[in-house]
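Below: the structure, in structure tokens.
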Amino acid sequence: MRQFPSQPVVGVGAVILDSDRVLLVKRGHEPLKGEWSLPGGSVELGESLEQALAREVLEETGLQITVGPIVEIFERIERSADGRVEYHFVIADYACVPSGGTLVHGSDADDARWVLVSELADYRVTKKATSVINKAVEMMVATRSKPGHPAAR
């Protein structure tokens, strides 16, 4: 149970980058229903973080991904009006690149689209998601500039 859980829920998020674009989904369920965010979801029993991420991205967006390094791990804790913990997620966000499939939003997302990183403010992406996206972009640029990396040639 995600709402009013008895313990934190482990989640994963994908910062899927394609050149100067990032993939965003419009959340179809609480928390953040109707908000633009990164694709991802909860880890199921027996899944690795990477397996959960690939499954969630495929379900939400129709895309297959190559999972890269962890960008950041953080918590999202939201309390109800009476002070009870309504949501508590521990989320591992990974830098990813698309590797196949066709972009189409799944049943738990109201929309999915490629957005220029420079236009994130137009989608009212949370400060935390924007920070994670910018950090992933910096990581990918640093990786591409390393000697021996195919993009550095």
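Legend: Rg and Dmax of segment 9-152, from Cα coordinates, 15.1, 56 Å. The angle between the Cα long axis of helix 49-61 and the longest principal axis of the Cα atoms of the chain comes to about 90 degrees, rounded to the nearest 10. Note on the chain: GNM, Cα springs under 10 Å; of I65, I91, I77, the largest mean-square fluctuation is that of I77. Counting beta carbons within 10 Å around each of L116, L49 and listing the fewest first gives the order L116, L49. Roughly how many Å is it from the Cα centre of segment 1-77 to that of segment 82-134, as a whole number? Spelled out, the Cα-based centre of one part sits 7 Å from the other. Partner aspartates and glutamates whose Cα lies under 13 Å from the Cα of K135, excluding those fewer than 8 positions away in the same chain, are identified as E72, D93. Couplings for segment 79-94, taken from phi via the Karplus curve 6.51 cos²θ - 1.76 cosθ + 1.60 with θ = phi - 60°, read 10, 6, 4, 8, x, 6, 6, 8, 9, 8, 10, 10, 10, 9, 9, 10 Hz in order; Gly and Pro are left as x.
How far is helix 127-144 tilted, in degrees, relative to the longest principal axis of the Cα atoms in the chain, given as a value from 0 to 90 rounded to the nearest 10? Computed tilt is about 20 degrees.
Where a number appears in this text, it was derived from the coordinates with a stated rule and is not lab data. In this text, all values refer to a predicted model and were calculated from it rather than measured experimentally. Please note: Cβ atoms are built from the backbone with ideal geometry, for glycine as well, and neighbour counts cover all protein chains shown.
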